[in-house]
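Read the figures in this text as sums done on the coordinates, not as results from a lab. The structure presented is a predicted model; accordingly, all values stated were derived computationally and were not measured. Note: ideal-geometry Cβ built from the backbone for every residue, glycine included; neighbour counts use all protein chains shown.
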Amino acid sequence: MLETSIDAIINKEILTKENLVRLLSSSEEESAVIFKKAAEVKAKYVGRKVYFRGLIEYSNRCKKNCFYCGVRAGNTQTGRYELTDDEVLEAAKFAWENKYASLVIQSGERNDKAFIKKIGGLLQSIKQLSGGKLGITLSMGEQTEETYRYWYDCGAHRYLLRIETSSRELFEKLHPHNALHCYDRRLEALYSLRKSGYQVGTGVMMGLPFQTIENLADDLMFFKDFDIDMVGMGPYIEHEHTPLYKYSDLLLSRTERFNLSMKMVALLRIIMKDINIAATTAMQTLDPQGREKAILYGANVIMPNLTPLKYREDYMLYADKPGITEDPEDSRAYLESRIKMIGETIGYNEWGDSKHFAARNINQTD
Ligand code: 5AD
Ligand code: SF4
C-alpha cells in the first residue's frame, strides 16, 4: 500500500513541503520509485549527458570561520597556499586540451583589492588562452555587487554560492555570530549575482548536526522559490579540527547521510527539471561510486579536480576528502569509463549551461 502512496505523490504536478518530507523519509524500497522517476525526468529534460567542469582549488586562504569547515581561518593545523598564475593557466590548458569546455575556480573567501584584481586578471588570461571559449564558473564566496560585476566583465559567467542551509536558525548554529557570517548577507549576495547576469548556483549540506528532514524539505523549496539555475550540494562530513566536530555523536551514519543526499538530488531533479545539478566530491567520500549514483539519480555535472597535487592535502574542507593523489589524466580516463559504463554520454566541448537559465532569459525578453 505504501508503494502506491509514494507513486501517487511522486506523480503530482506540484510537490508541497509535506510531500517532500514524506518522500525524504522514504524507505530504501520506496526510494527506488523516487530514483526511477528522477532518472526519467532527467532523460526527458536535460538528457542522459554529463558535463565536465575542471575544478581548480585556487587557494585555501579564508577570512571566515564557518564551524564545519577545515579551511576556516581559525584552523592553525593546515598549511596555507595560493596557486601561482602559471599553475592556474596550466590547469586551464589541461581542461581546454581535454575538451572539458568549462572550469570551476574555487577559493576560500577574501575581499581585499589585491585578490579581486588577481582573479580578474586570471579570468582574462584564461579567456585569452582559449580564444574566449573556455566557460568559467567562480566560487569565491560573498563579494560586493561591484566585484561580481567586475569578474563577470572579465569573463566569468556562472557563480556558485551555497546558502549551506536555508534555515536561518540552523545557519546561525553553524556560523559565528558576526557581520562576516550573516544569513541576510548571504541572501543579498545571491540576489546581487542574479542581477549581475550570472547563472547562479547554490547548495546546502545534508546530514548536519541539528538538521531535520523539514529543514531539507525547506532547502528544496528554497531552491525552487529562488528559481536557482544550478545546485551543488553534498553530505556533511565531520572534520576533526573544527568546532562542529564535538557534535559528531548527533550525526546520522555515513550510509544514512549518503542515502539522504541521493534522495535530495533525485527530488531536486523532479521539482526543478531543467537546472544543472552537480555530483559532488563529498558524495564520493561517503561512497566510492557516489558521483556515478548521483548522476543516475538526476545530477548532470561533474567536477574533475585539476588542482596541482602538491596542494590537495591542504584543501581539506572535511576529513577523508578523496582524490588527494589522483592526477588529472588518470581521473579523466577513470571518469570517462565510469560514465560510459552507466550509459551516459559526456558533453565534451560543450559548455552545458543551465537550460533553466536560458529558458528564464528567453521568457524575460519576450
Ligand atoms: N562537510 C561537507 N561539506 C563542507 N563544506 C565545508 N565544510 C564541509 C564539511 N565539513 C562545503 C560547504 C562550502 C564548500 C566550499 O564546502 O558547503 O560551501
Ligand atoms: Fe571559508 Fe568557505 Fe570554509 Fe566557510 S566554508 S571557512 S567561507 S572556505
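General remarks:
- In the set (1) away from ligand 2 (no atom under 16 Å from the Cβ); (2) of a type outside the set (A, V, I, L, M); (3) in contact with a strand residue (DSSP E or B) (Cβ under 9 Å, 6 or more places away or on another chain), the condition left unmet by Asp153 is number (3).
Okay, residues lined up against (1) touching a His at 6+ places or on another chain (Cβ under 9 Å); (2) within 16 Å of ligand 2 (Cβ to nearest atom); (3) β-branched (Val, Ile, Thr):
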site	(1), (2), (3)
Asp85	no, no, no
Val88	no, no, yes
Gln106	no, yes, no
Ile119	no, yes, yes
Gln128	no, no, no
Gly135	yes, no, no
His157	no, no, no
Arg168	no, no, no
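- In region 268-282, residue nearest to Asp219 (Cα to Cα) [restricted to those that are in a helix (DSSP H, G or I) and either among the basic types (Lys, Arg) or under 16 Å from the mean Cα position of the chain (by Cα) (or both)]: Leu268
- Test set (1) crowded, with 24+ Cβ neighbours inside 10 Å; (2) part of a helix (DSSP H, G or I); (3) within 15 Å of ligand 1 (Cβ to nearest atom) - Thr285 fails condition number: (1)
- Top-ranked residue in region 130-150 [being more than 15 Å from ligand 1 (Cβ to nearest atom) and crowded, with 23+ Cβ neighbours inside 10 Å; ranked as farthest from the chain's Cα centre (by Cα)]: Tyr148
- Within region 81-127, being closer than 20 Å to Leu161 by Cβ and within 21 Å of the chain's Cα centre (by Cα) holds for Ser102, Leu103, Val104, Ile105, Gln106, Ser107, Gly108, Glu109, Arg110, Ile119, Leu123.
- Matching residues in region 332-359 - criterion: being in a loop (DSSP other than H, G, I, E, B) and under 13 Å from Ile295 (Cα atoms): Ile342, Gly343, Glu344
- Selected residue [within 11 Å of ligand 1 (Cβ to nearest atom), surrounded by 20 or more Cβ atoms within 10 Å (Cβ to Cβ) and at positive phi] from Gly207, Gly232: Gly207
- Residue match in region 294-311 (condition: over 22 Å from Arg158 (Cα atoms), without any contact (Cβ under 8 Å) to a residue 12 or more places away in the chain and in a helix (DSSP H, G or I)): yes
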